[in-house]
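Everything on this sheet refers to the single structure shown next.
The values are calculated or read from the model by the stated rules, or taken from the named source; none is laboratory data. Please read these numbers as outputs of a predicted model, since none were measured by experiment. Here the Cβ positions follow ideal geometry from the backbone for every residue, glycine too, while neighbour counts run over all protein chains shown. All accessible areas refer to the heavy atoms of the entire protein, side chains included, with ligands and DNA or RNA removed. Shrake-Rupley method; radii C 1.70, N 1.55, O 1.52, S 1.80 Å.
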Amino acid sequence: MEEVAATRLKRQINVMIVDDSSVMRGIWRRIINAQPDFSVILNAENGKEALSLISTKPVDVIILDVEMPEMDGLTALPLLLKAKPDVKIIVASALTNQGSRTALQALTLGASDFIEKKSASGAFETVGRQLVEKIRALVAKDFAEADARSERPPLPQAKPMHLEHVPQVLAIGSSTGGPNALVTVLKGLPRHFHSPILLVQHMPAFFITALAERLT
């Protein structure tokens with residue numbers, strides 16, 4: 001696969017591939033290693049093996065299949081994030097097409113993004129470019145923020161906010177990671193909280209109905 005034209009990041013992006021198909025692992029590895037600043041440093045055949053390996057090397061991004069023996073991707077996803085909270089997970093499966101409930105479930109469980117596997121001739125050229133773009137977009141922001149934090153003095157510790165009165169309206173805005181965070185926030189509200197709640201979630205329109213059903 002030809003290298004995707006893009007600005008190289010200052011640091012190498014370390015990628016872990018989790019897929020039970022040796023063919024798919026080979027395809028993803030070829031796509032990733034074609035980039036001068038990308039490197040596949042770990043491979044796993046299922047979620048259980050991925051969990052045993054995640055702490056052995058500094059992984060930035062995980063490409064995670066859904067349907068796998070021993071432990072499937074959706075089961076492994078929150079466990080991988082628990083083991084390494086800062087890792088970015090892109091779920092890659094034939095089941096994660098736009099608008100699918102599997103894709104929404106993956107995002108709700110904490111996936112940063114998803115991509116659909118396509119078996120049609122020539123399709124992986126396009127999928128490969130999309131995958132590289134997604135990885136760069138996810139990691140570049142993290143790298144930039146990490147560099148900025150290392151160059152500035154630590155911020156003073158914030159004092160907890162005390163509300164004397166229940167707000168008339170609670171407004172929540174969220175983007176990447178939002179579906180998972182919204183579930184946590186809403187479950188944490190007291191049962192006597194009756195104020196209207198306005199949610200603004202940055203996501204494709206075709207996910208909204210499924211997200212509303214899940215939150216309900």
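So the values come out like this:
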item: Residue identified as in contact (Cβ under 8 Å) with a residue 60 or more places away in the chain, of a type in the set (S, T, N, Q) and within 28 Å of residue 185 (Cα to Cα) among 112, 100; result: 112
item: Residues within the stretch 49-66 that are loosely packed, with under 15 Cβ neighbours inside 10 Å and farther than 14 Å from residue 17 by Cβ, tallied; result: 4
item: Verdict on residue 42 being in contact with a helix residue (DSSP H, G or I) (Cβ under 6 Å, 6 or more places away or on another chain) and in contact (Cβ under 8 Å) with a residue 40 or more places away in the chain; result: no
item: Any hit, the stretch 78-95, residues being small (Gly, Ala, Ser) and within 12 Å of the chain's Cα centre (by Cα); result: yes
item: Single unsatisfied condition, residue 77 versus (1) open to solvent by less than 50 Å² (accessible area, probe 1.4 Å); (2) within 20 Å of residue 12 (Cβ to Cβ); result: (2)
item: Test set (1) at pLDDT 95 or above; (2) in contact with a strand residue (DSSP E or B) (Cβ under 8 Å, 6 or more places away or on another chain); (3) over 18 Å from residue 136 (Cβ atoms) - residue 51 fails condition number; result: (2)
item: Residue ID - modelled with the lowest pLDDT, chosen from residues in the stretch 138-188 that are outside any loop (DSSP other than H, G, I, E, B) and open to solvent by 70 Å² or more (accessible area, probe 1.4 Å); result: 149
